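Below: one structure, written as structure tokens.
The values are calculated or read from the model by the stated rules, or taken from the named source; none is laboratory data. Note that the coordinates shown come from a computational prediction; the quantities given were computed from them, not determined experimentally. Neighbour counts are summed over all protein chains in view; Cβ atoms, including those assigned to glycine, are modelled from backbone coordinates with ideal geometry. Surface accessibility is based on the protein's heavy atoms, side chains included, excluding ligands, DNA and RNA. Shrake-Rupley method; radii C 1.70, N 1.55, O 1.52, S 1.80 Å.
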Amino acid sequence: MKNDGVKRAIAFSQYPQFSCTTTGSSLNELTKILGKMDPERQMIWSIIDRWSLHSSAVNAFASTIQEALDKFSLDQRSKVLILFTAHSLPLSVIKRGDTYASEVCATAYAVMKFLGLKNPFRIIWQSQVGPTRWLGPQAQNAISEFARRVKYKTESYPGIILVPIAFTSDHIETLYELDHEYIEKDAKKNIGCPEEKIIRASALNDRPEFIEALATIVKDHIMEFPNIDGLHGISSPQYYVPCHECIDTDCLNSRKFFSYHEQKKPEKKNVN
Ligand code: FES
């Protein structure tokens, strides 16, 4: 990019919700690489470090749920249980001060609000590994139990929709873990939950609403700070506050790098 004469760059995280284990570590790497490749800082960088509540993203997630809800009959639709599922994190990371879990919950609530808060919903956590304690409820256990209740009609919801709320595209956690392990093998085969009663909302992938959302998020970012000549940084205000138990100098260096503009903050332009 530097050789091509790029003067202005935006690092746009494709994780909607910020975690130090994902976006944070990527930005730490970016900071290190830029320190080596552009020590004189000729390129001006800003970051879109999270967009968990951006209205266009909320709209895109909601469209995947509406599409899944439409597969149920009209009289059942508002009673379907929505299970938002996101990658879990070790509790030690949450305790350290990571904001991921609260951002996932905020996205889920915003999406449900967009849909009119008509359906019951829960947030569950998948893909935990190793012996340490992770954030729960654990997805497989929760899905099995809810599927059992649907099968035996012990509660009033007629079906379940799983919604990957922290992944933007299909990959092993959606296609294998959710579709194969949790839905096909466990809920349908082991428990006997009828096929049409437990489905997964599509990932965002290349749906038009998501492509539109990505473009809108970048446009809003640029318009919010139209003139950052001579300044580096620009991120969400959340980024500048490191975890209260963080002792990683890489995190501190990144925050210094991307908060350079704090010395001379550009005038904020109202985009509405
Ligand atoms: Fe969160 Fe360092 S681990 S800021």
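Per the 1.4 Å probe, what fraction of the accessible area of the chain, in percent, lies on carbon and sulfur atoms?
Numbers: 7620 of 13950 Å².
On the chain, the fraction of accessible area on carbon and sulfur atoms equals 55 percent.
Pairs Lys7/Lys32; Lys113/Lys188; Lys71/Lys189; Lys2/Lys256; Lys32/Lys95; Lys71/Lys219: which are spaced more than 28 Å apart, C-alpha to C-alpha?
Numbers: Lys7/Lys32 18 Å; Lys113/Lys188 30 Å; Lys71/Lys189 21 Å; Lys2/Lys256 21 Å; Lys32/Lys95 26 Å; Lys71/Lys219 34 Å.
Check vs 28 Å cut-off fails for Lys113/Lys188; Lys71/Lys219.
Please say if the stretch 1-97 is rounded, prolate or oblate, where rounded means a/c under 1.5 for a ≥ b ≥ c the square roots of the C-alpha gyration tensor eigenvalues, and otherwise the choice is prolate for a/b larger than b/c and oblate otherwise?
oblate
On a 0 to 90° scale, report how tilted helix 208-224 is relative to the longest principal axis of the chain, with both axes built from alpha carbons and the result rounded to the nearest 10.
Approximately 30 degrees, to the nearest ten.
Compute the Cα gyration tensor for the chain, then decide on rounded, prolate or oblate, letting a ≥ b ≥ c be the square roots of its eigenvalues: rounded whenever a/c is under 1.5, prolate when a/b is larger than b/c in the other cases, and oblate in all that remain. Write out the running numbers ahead of the final one.
Numbers: a/c = 2.57, a/b = 1.86, b/c = 1.38.
Cα axes put the chain in the prolate bin.
If you fit an axis through the alpha-carbon atoms of helix 100-114 and take the longest principal axis of the Cα set of the chain, what angle between them do you get, 0 to 90°, nearest 10?
Roughly 60 degrees between the two axes.
Given points 7 Å out from each Cα along the Cα-Cβ axis, report the Asp206 to Ile222 separation in nanometres with one decimal.
2.3
Probe of 1.4 angstrom, ligands and nucleic acids ignored: what's the accessible area per residue over the chain, in square angstrom?
Details: 13950 Å² over 272 residues.
I get 51 Å² per residue for this part.
Can you work out ³J(HN,Hα) from phi for every residue in the stretch 126-136, in order, using Karplus 6.51 cos²θ - 1.76 cosθ + 1.60 and θ = phi - 60°, giving whole Hz and x for Gly and Pro?
10, 6, 6, 9, x, x, 6, 7, 10, 4, x
For Met1 and Gln66, compute 0.36 nm times the residue count separating them, minus their Cα-Cα distance, and round to one decimal in nm. Kindly include the intermediate steps, with their values, before the conclusion.
On the way: separation 65, 0.36 × 65 = 23.40 nm, distance 4.04 nm.
Contour length minus the Cα-Cα distance gives 19.4 nm.
Once a ≥ b ≥ c are taken as the square roots of the eigenvalues of the Cα gyration tensor of the stretch 124-225, is the result rounded (a/c under 1.5), prolate (a/b larger than b/c) or oblate (a/b not larger than b/c)? Walk me through the intermediate numbers first.
Numbers: a/c = 2.49, a/b = 1.82, b/c = 1.37.
Here the stretch 124-225 falls in the prolate category.
May I ask you to order 141-148, 213-220, 57-64 by the average number of other C-beta atoms within 10 Å around their residues, highest value first?
On the way: 141-148: 18.6, 213-220: 16.4, 57-64: 22.0.
Ranking the peptides 141-148, 213-220, 57-64 by packing returns 57-64, 141-148, 213-220.
Listed highest first by mean packing, meaning other Cβ atoms within 10 Å per residue, what order do 47-56, 6-15 come in?
Values: 47-56: 20.4, 6-15: 14.5.
Top to bottom by mean Cβ count within 10 Å: 47-56, 6-15.
Taking Cα atoms, how many degrees apart are the long axis of helix 25-37 and the longest axis of the chain, rounded to 10 and kept between 0 and 90?
30
Any idea what the dipole of the chain comes to, in debye rounded to 20, about its Cα centre with Lys/Arg Cβ at +1 and Asp/Glu Cβ at -1? Walk me through the intermediate numbers first.
Values: 33 positive and 32 negative charges, 111 e Å.
With Lys and Arg at +1 and Asp and Glu at -1, about 540 debye.
What full-extension length gain, to one decimal in nm, is calculated for Glu29 and Met43 as 0.36 nm per residue of separation minus the Cα-Cα distance? Walk me through the intermediate numbers first.
Values: separation 14, 0.36 × 14 = 5.04 nm, distance 1.64 nm.
Extra length available between Glu29 and Met43 comes to 3.4 nm.
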